[in-house]
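**Q** Once you've had a glance at the structure underneath, I'll fire off some questions.
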Amino acid sequence: MTRTRNELFEMLAGLGVDTVTHEHPPLHTVAESQALRGEIAGRHTKNLFLKDKKDNFFLVTVGEDADVDLKTIHTLIGGASKVSFGNPERLMEFLGVAPGAVTAFGVINDAGGRVTAVLDEELLDHAVVNCHPLVNTATTSIAPADLVRFMQATGHPPLILKIGR
């Protein structure tokens, strides 16, 4: 069963995690979200839902302006082969989100543990990281250490790697 935004907030509160959520029109791309700069402080993210040829799935979260080399990232994240983007059906099945709303918070919906979470280590250098709360009509600000703690609590201890260039 796919968890809702409210269930996400309940889990975060239960972990003692403080967040601030900002409502906004639907945002589907990083370019669209950049229009909100100045209104929402902190490091904004982009999220890549990837799969290799052996159907290993990865959720890679990096800074919004990070350059990610899709030809070689598999060597960093433990992919069995080069990766491609996972399809929308698997994205919904595993993370409970649609394209345009991919988020580090999506691991709350991966009860089967099919997805490996990956955070770019650069994100941990910021006081605040911003992610969609399972929908692209809001942005939730969270401390990076709390994001890691949340991911661990879902059974997805993230790989923390230097991904972006």
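Rule-based calculations on the coordinates, nothing more; no lab input. For clarity, every value in this text was computed on a predicted model and none was experimentally measured. As a convention, Cβ positions derive from the backbone with ideal geometry for all residues, glycine included, and neighbour counts pool all protein chains shown.
**Q** Given (i) 0.98; (ii) 0.93; (iii) 1.02, which label gives Rg/Rh (Cα atoms, Kirkwood Rh) as computed from the coordinates?
**A** After the calculation, the listed value that fits is (ii).
**Q** So how far apart, in nm, are the two label points at H24 and E64 if each is 7 Å from Cα heading toward Cβ?
**A** That separation, rounded to one decimal, is 0.5 nm.
**Q** Still on this structure, please answer the following. Where does each of 121-134, 152-165 land if you order them by average Cβ count within 10 Å, highest first?
**A** The peptides rank, most packed first, as 121-134, 152-165.
**Q** Place a +1 charge on the Cβ of each Lys and Arg in region 1-74 and a -1 charge on the Cβ of each Asp and Glu, then give the dipole magnitude about the Cα centre in debye, rounded to the nearest 20.
**A** It comes to approximately 300 debye.
**Q** Let me ask something else about it. Positive end of the charge dipole of the chain (Lys, Arg +1 and Asp, Glu -1 on Cβ, about the Cα centre): tell me which of L15, L50, L27 has its Cα farthest that way.
**A** Final value for the positive-end residue is L50.
**Q** While we're looking at this one, here's another question. Expected output is a single nm value to one decimal: the length gained when fully extending between T4 and N87, i.e. 0.36 nm times separation in residues minus the C-alpha distance. What is it?
**A** Residue separation times 0.36 nm, minus the Cα-Cα distance, leaves 27.8 nm.
**Q** Among V102, L76, A145, which residue has its Cα positioned farthest towards the positive end of the charge dipole of the chain, with +1 placed on the Cβ of Lys and Arg, -1 on the Cβ of Asp and Glu, and the dipole taken about the Cα centre?
**A** L76
**Q** Right, something else. Only Cα pairs under 8 Å and at least 6 apart count here; give the relative contact order of the chain as a rounded whole percent.
**A** This gives 30 percent for the chain.
**Q** Would you mind working out the magnitude of the charge dipole of region 5-161 relative to its Cα centre, with +1 at each Lys and Arg C-beta and -1 at each Asp and Glu C-beta, to the nearest 20 Debye? Write down the numbers at each step before the final one.
**A** Working: 12 positive and 20 negative charges, 100 e Å.
Here region 5-161 has a charge dipole of around 480 debye.
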